[in-house]
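Structure, as structure tokens:
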Amino acid sequence: MELEIKHLKKRFGAAAAVDDVSCTMHQGVYGLLGVNGAGKTTLMRMLCTLVHPTAGEITYNGRDIFEMDAQYRNLLGYLPQEFGFYPDFTVEEYLSYISAIKGLRPAVAGKRTRELLRQMGLSEVRKKKMKKLSGGMKRRVGIAQAILNDPEILILDEPTVGLDPNERIRFRNLISELAHERLVLLSTHIVSDVEYIADQILLMKDGRLMHSGTSEEIVAAMEERVWNCVVSHKEASECMRRYKVANVKPAQEQLMLRVLSAEKPMADAVELEPTLEDAFLYYFGSPAQEFAKGGEHHGLL
Ligand SMILES: Nc1ncnc2c1ncn2[C@@H]1O[C@H](COP(=O)(O)OP(=O)(O)OP(=O)(O)O)[C@@H](O)[C@H]1O
Ligand SMILES: [Mg+2]
């Protein structure tokens, strides 16, 4: 199985949402990481034939996916970012309905639905109405509907939004299981969602693929770019203006900063072992603004 993207571009008016993206994917898990507006959804919608590229092509085993048309879509499962459902349908009714839309024969559909409810841990809520489910349960139903037709290619757009930490762990295990015989592409802006399960990580920014590789490769490229700097409060503000700072920790009268920089930021800076989180911030963060936002991974003052 080979899904190949060549010089793909999608323009909306003057702006390019996806700009000259090329990459080749096989069986396994691909994690598409990027901040809001990076172009992840647009790229995925093209991979699902829902949006036509302005330029470039996508082929599956050498054939153009838009020419393959329904034949390609039969191989495809998709969880959209904005996942629509029918609030008064029960989980079971909803999955039967989607099975019918996907053209599954009723006997096959019934068996497959039961199988999936079990696999997804949804058997107990199968008679519950969709509107009564928790966010995590709804996401699970979303994934279930995407794999009803046992697709070779599974595209999940921000599948972990709204999941609690336990659900995230369950989700990661599920994806690893699903990827056994499939190509799974999932988008997220949470590094830990893909750090351990993605075979390849694709870092997307402003419509472009900035960097791709295994988690280890991306981390290795950060060597000699992560520094521990112990500074006074005054020096810290200056440092945060100049550099991307991944973390700040009080150290007696001073502050300990985790500085991301290609050059040694100060003479007594000590090199630290990089993480994927560092890489994400290094490529996507902007110095003071990232800090001011105080995201979940920043130890603030
Ligand atoms: N239908 C559209 N018409 C006009 N502009 C669009 C359309 N869809 C997306 N865009 C623009 O393209 C860019 C990329 O959007 P896209 O939704 O692909 O990003 P994203 O990485 O999925 O972001 P998010 O993390 O917020 O979901 C944005 O600037 C967005 O405003
Ligand atoms: Mg999106």
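Tabulated values for the structure
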item	result
Subset of region 25-74 (residues that are on the phi > 0 side of the Ramachandran plot, in contact with an Asp or Glu (Cβ under 9 Å, 6 or more places away or on another chain), away from ligand 1 (no atom under 12 Å from the Cβ) and part of a loop (DSSP other than H, G, I, E, B))	T49, N61, G62
Residues satisfying the stated conditions in region 10-36, i.e. within 15 Å of R208 (Cβ to Cβ), among the small types (G, A, S), in contact (Cβ under 8 Å) with a residue 24 or more places away in the chain and within 16 Å of ligand 2 (Cβ to nearest atom)	A16, A17, G34
Selection within region 10-29 - β-branched (V, I, T) and under 14 Å from L47 (Cα atoms)	V18, V21, T24
Failed item, numbered, when A55 is tested on (1) away from ligand 2 (no atom under 16 Å from the Cβ); (2) under 19 Å from R182 (Cα atoms)	(2)
Residues being modelled with pLDDT of 90 or more, within 16 Å of ligand 2 (Cβ to nearest atom) and small (G, A, S) - total across region 147-188	1
Residues satisfying the stated conditions in region 155-186, i.e. touching an Asp or Glu at 6+ places or on another chain (Cβ under 8 Å) and of a type in the set (S, T, N, Q)	T160
Some residue of region 158-172 being more than 16 Å from ligand 1 (Cβ to nearest atom), surrounded by fewer than 22 Cβ atoms within 10 Å (Cβ to Cβ) and over 22 Å from L276 (Cα atoms)	no
Set G110, G84: member being part of a loop (DSSP other than H, G, I, E, B) and over 24 Å from I197 (Cα atoms)	G84
Which numbered condition L178 misses (of (1) under 14 Å from V29 (Cα atoms); (2) away from ligand 1 (no atom under 16 Å from the Cβ); (3) of a type in the set (A, V, I, L, M); (4) buried (at least 21 other Cβ atoms within 10 Å of the Cβ))	(4)
Yes/no for G77 being closer than 29 Å to E216 by Cα, of a type outside the set (S, T, N, Q) and part of a loop (DSSP other than H, G, I, E, B)	no
Which numbered condition G84 misses (of (1) within 16 Å of ligand 2 (Cβ to nearest atom); (2) under 21 Å from the mean Cα position of the chain (by Cα); (3) modelled with pLDDT of 95 or more)	(3)
Every residue from region 202-237 that is among the charged types (D, E, K, R) and in a loop (DSSP other than H, G, I, E, B)	D206, E223, E224, R225
Checking I5 against (1) within 13 Å of ligand 1 (Cβ to nearest atom); (2) over 17 Å from the mean Cα position of the chain (by Cα); (3) in a strand (DSSP E or B); (4) buried (at least 16 other Cβ atoms within 10 Å of the Cβ), the condition it does not meet	(1)
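Results for (1) under 26 Å from T188 (Cα atoms); (2) surrounded by 13 or more Cβ atoms within 10 Å (Cβ to Cβ); (3) more than 22 Å from the chain's Cα centre (by Cα); (4) modelled with pLDDT of 90 or more, shown as yes or no for each residue.
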| position | (1), (2), (3), (4) |
| --- | --- |
| L43 | yes, yes, no, yes |
| C48 | yes, yes, no, yes |
| A55 | yes, yes, yes, yes |
| I58 | yes, yes, no, yes |
| R63 | no, no, yes, yes |
| S96 | no, yes, yes, yes |
| P106 | no, no, yes, no |
| A109 | no, yes, yes, yes |
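The values are calculated or read from the model by the stated rules, or taken from the named source; none is laboratory data. As the structure is a computational prediction, the values presented were derived from the model and not from experiment. As a convention, Cβ positions derive from the backbone with ideal geometry for all residues, glycine included, and neighbour counts pool all protein chains shown.
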